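For reference, the structure is listed below as structure tokens.
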Amino acid sequence: MEVIKIVMIGITGMLLGLLLKGTRPEYTVYLSLGAGICIFSYAIEKIGYLFSSVLQLQEYLPLDTKYFVILLKMIGASYVAQFSAGLCKDAGYSAVASQIEIFTKLYMMVLSMPVFLALMETIHGFLL
């Protein structure tokens, strides 16, 4: 049922935006932002569950905590970047949205580098 709530918030925001587009197009960005914040507030509960699940996985697996921190940073950065890029596209700033997406991809590569290097060390250890 939660998915239906989220879909209804999104559709309501879209329909209100379409109604206002002809008379007050400057308010459509605010409507999109409001709908996005409402949807994100519902998602916070799910993100909390995700964090607790990852911490529980950490108890079962003998892995270094820095890898889980990296994973959580990547998940958070991707959500924030996608939300921000979507708002920029709705406002008509596609170039800014593209720059946000490019930077986020580079940021993901930088964040994943310690994991990649650890993987290479493990493979190198097996070859010796």
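The values are calculated or read from the model by the stated rules, or taken from the named source; none is laboratory data. Just so it is clear, the model here is predicted, and its values are computed rather than measured. SASA here: full protein model, heavy atoms, side chains in, ligands and nucleic acids out. Shrake-Rupley method; radii C 1.70, N 1.55, O 1.52, S 1.80 Å.
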Next item on the list: Could you tell me how many degrees, from 0 to 90 and to the nearest 10, lie between the Cα long axis of helix 65-90 and the main elongation axis, the longest principal axis, of the Cα atoms of the chain?
Entry: 20 degrees
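Quick one: compute a quarter of the convex hull surface over the Cα atoms of the chain and quote it in nm².
Values: hull surface 41.0 nm².
Orientation-averaged projected area of the Cα hull: 10.3 nm².
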Check: By its C-alpha gyration tensor, with a ≥ b ≥ c as the square roots of the eigenvalues, how is segment 62-128 shaped: rounded for a/c under 1.5, else prolate for a/b larger than b/c, else oblate?
Finding: prolate
Margin query: Considering only protein heavy atoms and a probe of 1.4 Å, how much of the accessible area of the chain is carbon and sulfur, as a whole percent?
Written below: 73 percent
Margin query: On C-alpha positions alone, give me the angle between the axis of helix 94-127 and the longest principal axis of the chain, in degrees, nearest 10.
Written below: 10 degrees
Check: How about Lys5: which lysines have a C-alpha closer than 26 Å to its C-alpha, ignoring those fewer than 8 places off in the same chain?
Finding: Lys21, Lys46, Lys89
Note to self: Sequence gap at least 6, Cα distance under 8 Å: using those rules, report the relative contact order of the chain to the nearest whole percent.
What the structure shows: 18 percent
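Before I look further, what does the chain give for accessible area per residue, probe 1.4 Å, in whole square angstrom?
Working: 9640 Å² over 128 residues.
Each residue of the chain exposes 75 Å² on average to a 1.4 Å probe.
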